[in-house]
Structure formats: C-alpha cells, structure tokens
Amino acid sequence: MGSIEVSKQNGDTKIKIDGNVTIEHAEKISTSIKDSLKSAKSILLDLKGVQKVDVSFLQLLVSLDLECSKQNIMLAVEPGVIPGRIISTVEQLGLSHCSEIRRLFHLN
C-alpha cells in the first residue's frame with residue numbers, strides 16, 4: 001500500500017488513500033477509518049491515487065457507509081476523481097447493484 005493520510009479540520013475529515021488497497025492492507029485501512037469516525041461530522045474520501053482494489057476494500061466502504069449513517073456523519077467520495085479501475089472492480093464483482101456502492105461512487 002502506498003499511503004493513507006487523514007486530515008481533520010473543524011469536524012471535517014479527509015481520508016486520502018493511495019496505492020494498492022487489498023486484503024493485505026485491510027486492517028490498517030480499517031483502523032484509520034475507525035479512528036476517523038471518533039470526532040467527524042463529515043468524511044470525504046480521496047481515492048484518485050488508488051491503483052488496485054479488491055472486495056475487502058469495497059466491504060470496508062460499505063461498512064463505513066453504514067456506520068456513518070448510524071452516527072449521522074456525512075460520507076462522500078470526492079466526485080470526479082474515482083479511478084476507472086475501482087468502477088471496473090465493482091462491476092467485475094457484481095456489486096454495481098449495491099445501494100451503498102452506487103451512492104458512494106455516483107453510479108446511475
């Protein structure tokens with residue numbers, strides 16, 4: 001995995017993820033995301049530097065979306081910068097029907 005960078009300002013949290021986001025890195029990503037929930041009013045995911053994803057990362061995103069809903073935290077993926085390889089993986093895994101994935105990745 002390249003890196004995960006978390007920045008916070010006035011309750012707004014931005015999580016920037018670069019590199020490969022696969023099962024090998026799921027625990028580190030999950031821990032960073034859970035820590036980010038503690039004081040967040042909103043979370044913006046910057047995924048433009050993501051090179052490779054697998055189902056474990058998509059599961060983390062769905063879990064994050066559900067937890068944010070429970071805690072009334074706004075969650076969004078930075079629009080316009082979703083790498084095609086993420087969308088391709090979503091489609092290959094047959095997850096394009098998942099409402100959380102559709103909402104996060106702005107799929108119609």
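The values are calculated or read from the model by the stated rules, or taken from the named source; none is laboratory data. Keep in mind the model is a prediction, meaning the values are calculated, not measured. Cβ coordinates were reconstructed from backbone atoms using ideal geometry, including for glycine residues, and neighbour counts include every protein chain displayed.
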(request) Specify the residue that is nearest to Val21 (Cα to Cα); the eligible residues are those in the stretch 65-85 that are out of contact with any Lys or Arg (no Cβ under 9 Å at 6 or more places or on another chain) and part of a helix (DSSP H, G or I). (result) Gly84
(request) Kindly indicate the residue of the stretch 54-90 that is in contact with a Cys (Cβ under 9 Å, 6 or more places away or on another chain) and crowded, with 19+ Cβ neighbours inside 10 Å and also nearest to Glu5 (Cα to Cα) among those meeting that condition. (result) Leu75
(request) Could you look through the stretch 6-35, keep only residues that are among the small types (Gly, Ala, Ser) and at positive phi, and pick out the one that is modelled with the lowest pLDDT? (result) Gly11
(request) Consider Ser69 carefully, then state whether it is under 16 Å from Ile43 (Cβ atoms) and either among the small types (Gly, Ala, Ser) or in contact (Cβ under 8 Å) with a residue 40 or more places away in the chain (or both). (result) yes
(request) Residue by residue through the stretch 40-70, note down the ones that are of a type in the set (Asp, Glu), more than 17 Å from Arg85 (Cα to Cα) and under 11 Å from the mean Cα position of the chain (by Cα). (result) Asp65
(request) Within the stretch 1-53, count every residue that is in a strand (DSSP E or B), of a type in the set (A, V, I, L, M, F, W, C) and buried (at least 17 other Cβ atoms within 10 Å of the Cβ). (result) 10
(request) Being of a type outside the set (Ser, Thr, Tyr), within 15 Å of Leu75 (Cβ to Cβ) and surrounded by fewer than 14 Cβ atoms within 10 Å (Cβ to Cβ) is the filter here, so list the residues in the stretch 91-108 that pass it. (result) Arg103, His106
